[in-house]
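In what follows, a structure is listed as structure tokens, so that the remarks can point back to it.
Rule-based calculations on the coordinates, nothing more; no lab input. As the structure is a computational prediction, the values presented were derived from the model and not from experiment. Reconstructed Cβ throughout: ideal geometry from the backbone, glycine too, with neighbour counts over all protein chains shown.
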């Protein structure tokens, strides 16, 4: 069974005794002594192989990579007996998609994501580089293996990565596409968009202050978002920007709720047109007030107007009734 020196400290007592027996070592004594004995044996074997020539030196990282791959696979299937920080780190790295391409955009997305996990400080630099080895392949696997063998820290490893995989013109293009002219799409998560711009700027070492980067993000926000932020105070830092984001999200939620509960009829001067005529008593409107029935001014009866009254004489005259009496309603 292939093991690395770091993996020894994750074995149980029974597993330690079994591995020691398989390698011809004394399997008696406390667990601490067994681990130290087995780790020294593995380190001595690796050092002996590294002195046999260049071909053997090239195989050392592969042995470490294989052992750490087995360790991560085992971490996915077993949870007991692990350090809590290693468990958290393992769960976070399981959410990162393996890097199968050497395109600059793919490398940037991968390392910007794992650098965010590195910022949590769960393990040291060597342990972190070791844990991400199973997620890369090809030249990047050899690159990280060299960094691990030479004891390079994460910061130095990232500088070497930028120099080797991101020449000047490639970096300038990514800065332009991902930061300067990276316009937010409609419906795109506002918080994810902001966090991605900051991660890309940090990884590409974009020479801009925090306030300048915030201003650039504000210029690239979608117009629908800017409409909700029109009367808010302009943020000057990342923290203030995230506070404004909270207010924008709240305004957008209120607007959606208002559209859901309010009627669809257009509103003029704050009054709904659908009830404007009903309140005035328009006939035929259901649920509203109706006009009083028509009443004749001539006979005083309902149901017709004076011009249609059957009691009014149609002969020319001055409004007098045939009997000489003045017709009702014609007193003036």
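So the values come out like this:
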{"item": "By average C-beta atoms within 10 angstrom, highest first, the peptides 251-259, 139-147", "result": "139-147, 251-259"}
{"item": "Region 171-261, relative contact order [Cα under 8 Å, separation at least 6], %", "result": "30 percent"}
{"item": "Two-site FRET efficiency, residue 143 against residue 195, from Cβ-Cβ distance with R₀ of 30 Å, rounded to 0.05", "result": "0.70"}
{"item": "Relative exposure of 12, 130, judged by other C-beta atoms within 10 Å (fewest first)", "result": "12, 130"}
{"item": "Cα-based shape type of region 91-165, given that a ≥ b ≥ c are square roots of the gyration tensor eigenvalues and the cut on a/c is 1.5", "result": "rounded"}
{"item": "Convex hull volume per residue for region 171-261, taking Cα atoms only, in Å³", "result": "83 Å³"}
